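Notes for the one structure printed next.
All of the numbers you see were taken from the coordinates with simple rules; none came from a lab. Source: prediction; values computed, not measured. Backbone-built Cβ (ideal geometry, glycine too); neighbour counts: all protein chains shown.
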Amino acid sequence: MFDIGVEQLMGRGVPGGRSKGVAGDREGILAGLKQGAYEKMTQERETQDGGVKPPLQGESAGESAASGRGTFYLETFGCQMNEHDSEKVAGVLLARGYRQVESVDEAGGVLYNTWSIREQAARKVFSRLGEFRPDLVRAREEERSLQGLKPDITCDRMSDLKVRPPKDERTQESPSLAGGEESGAGARSQVPVGDSHRDPSTRDARSGRAPSSAGRIIGVLGCVAQQEGERIFTRAPWVSLVCGSASYRKLPQMIAELEAGNRRVTGLETDTDETFETEVTRRDNPWRAYLTIIEGCDKACSYCVVPFTRGPERSRRSASILEEVRKLADAGYTEVQLLGQTVNSYADPSARKMRFSDLLVAVAEVRGIRRVRFTTSHPRDFGKDIVEAIEAVPGICEHVHLPVQSGSTKVLRAMARTYTRDEYLEKIAMMRAAKREISITSDIIVGFPGEREKDFEETLSLLDAAQYDGAFSFKYSPRPNTPALKMEDEIPEEEKSRRLAILMERQREIQRAHNERLVGKTFEVMVEGKSRREQQWSGHTSSNKVMNFTSREEESLGDYVQVRVVSTTPNSLVGEVVG
Ligand code: SF4
């Protein structure tokens, strides 16, 4: 039986079963997001169904290798928005002839696409960068030398740096959803990189540059890049490229500048639309395509870094979205997930002025598209028209992620969430009354400044009232550049941990009861993963539940099958193929 869901492999985690993630037999499932995993999946698919393989968008690694350009290693931290941003980065670089490699050792450029919604993730980025610290590299070399081993790097090349693979990151702290509406709370940034990086002796003696710049490009992309900006160069002088999400289109030009001898380059604009449409996106998943329809956020929740790191809200023109969806369908994608920090705040900038709910319907009507998902929704902008669209169009998945963050109106006010507990529960009631059963998930922060025991109790009672199908829960800790940073964070860590444990246990029980009610029911599942164990597969229902199932047939990844639920866990369903 599977003990991990594809959800985790998709960089998210299991609702209700985290924040720590769930350890498990990850190797048992072949599906994943990295290029190698994708290739594995598609090769497998070819052998199974005679070679029908949806093409990657963008130039293949083989083609790019032929062009003789450099190689890059790209590691992604964080949410679906970041995963999709990395697809854009890879697409842009592959299209320019660069080749993506699977390890730092092989790479001429090392790029970290970062995420700073929570402090731990931001800290890990600097920890990764710290592994490139020249004195550490030298110490490793000396140790090798003392052991009589052949030095396999020089400080200039740094080619033996060991960077843990991204999947470890996902298991440790897989974030929930699209980066914005989830708990944008972390703690003050720590700087694990020591002072020794300022030691002039760590610099390349010939060029005066940080040694790494003589051998390879080290780049920081995404949220931490945007948040820390040029301060990264002070913390980690061997970094040569700092680039926010709105500037990915310019990456080849920035890399060319470095190759031409420039020591450092930055791209830190936040208010452009360029983030939507790189000329080419190299998508990792051959069946489910992520599509950003709105970037940035204007909501200004007091704990959240997103308005600072991703800038103001900008929506993509509906015609451009639909054109891309048609291309995706032609390329073999059957599922599209529309992304935005507050996806339902979408405001079509074209004269057409399509509402978000109309856009959902239009995407679902594109020939070849079988499922449309969307995440993350903001309660303020979640209206009846979205529920009506879900009711009317089977292709729109019956799942809504609607973060509440707290069950206390007092705390919601301090968070600047723009709705009360009662207003939020009205949205839940609206969904529960829908003709189709809608699966609802949420994000919750415990220990926000000023949260008294009574407030926490209100959050627990909201869980009972909302009956979520899943919830991602986090302890609050302050983040840089947020208004909440100025609030006194007076709740001790142990108390936050206590509340988090109680909340997770309560939610786990709700999910257990929810899932048990599904035994005997049959759901359509997209086949997304195959276990090494015989006849074991996994995928998602339209309601976004993880289904691990048995089939006597050799299923094809990407196909849809009917699966009857035979047993459940709080985080997943267990079933068998019928028919
Ligand atoms: S709605 Fe609030 S939590 Fe969500 S991205 Fe915007 S500011 Fe952050």
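Given all pairs of different Cα atoms, what value in angstroms does the Kirkwood hydrodynamic radius of the stretch 314-390 take?
Mean inverse Cα-Cα distance, inverted, gives 12.6 Å.
With labels modelled as points extended 7 Å from the Cα through the Cβ direction, what inter-label distance (nm, one decimal) is found for LYS486 paired with LYS454?
2.7 nm
According to the Cα gyration tensor, what semi-axes, each the square root of 5 times an eigenvalue, does the equivalent ellipsoid of the stretch 429-497 have, listed from largest to smallest in whole Å?
Those come to 29, 14, 10 Å.
Using θ = phi - 60° and the Karplus curve 6.51 cos²θ - 1.76 cosθ + 1.60, what whole-Hz ³J(HN,Hα) does each residue of the stretch 525-539 get, with Gly and Pro shown as x?
Karplus values, whole Hz, x for Gly and Pro: 10, 7, 7, 10, x, 10, 7, 5, 6, 4, 6, 10, 9, 8, x.
Filter the GluC sites (Glu not before Pro) in the stretch 438-503 down to the DSSP loop ones having no more than 16 other Cβ atoms within 10 Å, then list what survives. Let's see the in-between values first.
Details: sites: GLU451, GLU453, GLU457, GLU458, GLU488, GLU490, GLU493, GLU494, GLU495; in loops: GLU451, GLU488, GLU490.
For GluC sites (Glu not before Pro) across the stretch 438-503 that sit outside H, G, I, E and B with at most 16 neighbouring Cβ atoms in 10 Å, the list reads GLU488, GLU490.
What is the calculated FRET efficiency for VAL519 to ARG263, with r their C-beta to C-beta distance and R₀ = 45 Å, to the nearest 0.05?
0.15
Using θ = phi - 60° and the Karplus relation 6.51 cos²θ - 1.76 cosθ + 1.60, list the HN-Hα couplings for the stretch 488-494 in order, rounded to whole Hz, with x at every Gly or Pro.
The phi angles translate into 6, 8, 8, 7, x, 4, 5 Hz.
Rank-order 465-472, 508-515 by packing density, defined as the average count of other C-beta atoms within 10 Å over each peptide's residues, highest first.
So the order, starting with the most tightly packed, is 465-472, 508-515.
Under the Kirkwood approximation for Rh and a Cα-based Rg, what ratio Rg/Rh is obtained for the stretch 505-579?
0.98
Report the FRET efficiency, 1/(1 + (r/R0)^6), for GLN467 and LYS327, where r is their Cβ-Cβ distance and R0 is 41 Å, rounded to 0.05. Working shown, then result.
Numbers: r = 39 Å, r/R0 = 0.95.
With a Förster radius of 41 Å, E is 0.55.
Check VAL110: other-chain or 5+ apart residues with amide H under 5 Å from its amide H, H built from backbone geometry?
TYR73, ILE217, ILE218, GLY219
Rounded to whole Å, give me the distance from the Cα center of the stretch 79-102 to that of the stretch 550-572.
31 Å
By how many nm would the segment from ASP422 to ASP298 lengthen if fully extended, with 0.36 nm per residue of separation less the alpha-carbon distance?
Working: separation 124, 0.36 × 124 = 44.64 nm, distance 2.29 nm.
Contour length minus Cα-Cα distance gives 42.3 nm.
Given H placed 1.01 Å from N in the peptide plane, which residues other than close sequence neighbours of HIS399 have an amide H under 5 Å from its amide H?
SER439
To the nearest 20 debye, what is the magnitude of the charge dipole of the stretch 285-397 about its Cα centre, counting +1 on the Cβ of each Lys and Arg and -1 on the Cβ of each Asp and Glu?
Values: 17 positive and 14 negative charges, 31 e Å.
Approximately 140 debye in magnitude.
Which ordering of ASP105, ASP422 is given by a fewest-first count of other beta-carbon atoms within 10 Å?
Numbers: ASP105 16, ASP422 8.
Result, fewest neighbours first: ASP422, ASP105.
Between ARG231 and ARG367, what is the label-to-label distance in nm when each label sits 7 Å out along the Cα-to-Cβ direction?
5.4 nm
Hey, what D do you get for the stretch 257-385 in µm²/s if you plug the Kirkwood alpha-carbon radius into Stokes-Einstein at 20 °C and 1.002 mPa s?
Estimated via Stokes-Einstein, D reaches 134 µm²/s.
Skipping prolines and chain starts, which residues have an amide H placed within reach, meaning under 5 Å, of the one on CYS297, given they are 5 or more residues away or on another chain?
GLY311, GLU313
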